[in-house]
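Before any comments, here is the structure.
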Amino acid sequence: MEQESYPISLEGNKEVIVINRRSFFGALLAIGTAGMGAFLAVPVLRYILYPLYAKISGNDWSDVGKIEDFSGSTSPVRKTITFAQRDGWREVVSAQSVYVNRLADDQFEVLSAICPHLGCSVSWQPAQNEFVCPCHGGRFAPNGKHISGPPPRGMDTLPTRVQDGKLQVHFEFFRSNVPNKEQLS
Ligand code: FES
């Protein structure tokens, strides 16, 4: 079949560009394919990059215990809580230790047991009436205030609420070894 062609002559007849029907439709097909590829790449890219913008922490509240469990407590009470945590594309259930201080009948302060220095687990020492970190000897008052040692700030407090007679906490992670509490997200 004879091809229709469209000769274009430039001044002086030095160069001639010929666009025939086949090359025109070829270019159209290439543009369409590139457009479709870009369109399909968006959800794939979003899936691949999801862990970069997904939150590290879960959004759930975790049960710490019934309010009456803390009614007679006069010093920090250690509890282990569980919460869902997103790790890349997976959702895993994590366990963390927290310390509960009862401030009033239904008012509580919950401290993360993660040392704000380099992340070791802080433990309550009743004989000394203070928290001690076993890694580098950081010491904290019962309310988490920094007493001595290398930690640059006090123990991190966590958001709490009372729901259906239970104390709940929203576990969060904070940046280590910085003077102010910075939540990691
Ligand atoms: S990690 Fe706790 S004092 Fe260093």
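Readers should treat all values here as calculations from the given coordinates under stated rules, not as data from a laboratory. Predicted, not measured: the structure shown is a model, and the values here were computed from it. A quick note on method: Cβ atoms are made from the backbone with ideal geometry, for glycine too, and the neighbour counts reach across all protein chains shown.
Some observations on this one:
- Check on SER176, among the small types (Gly, Ala, Ser) and within 12 Å of the ligand (Cβ to nearest atom): yes
- Inter-residue pairs, beta-carbon under 9 Å, first farther than 14 Å from ILE114 by Cα and in the range 161-185, second within 15 Å of the ligand (Cβ to nearest atom) and in a loop (DSSP other than H, G, I, E, B), 6+ apart: PRO179/PRO152; PRO179/ARG153; ASN180/PRO152; ASN180/ARG153; SER185/PHE173
- When the criteria are applied in full, VAL169 meets the requirement of being closer than 19 Å to LEU184 by Cβ and more than 16 Å from the ligand (Cβ to nearest atom).
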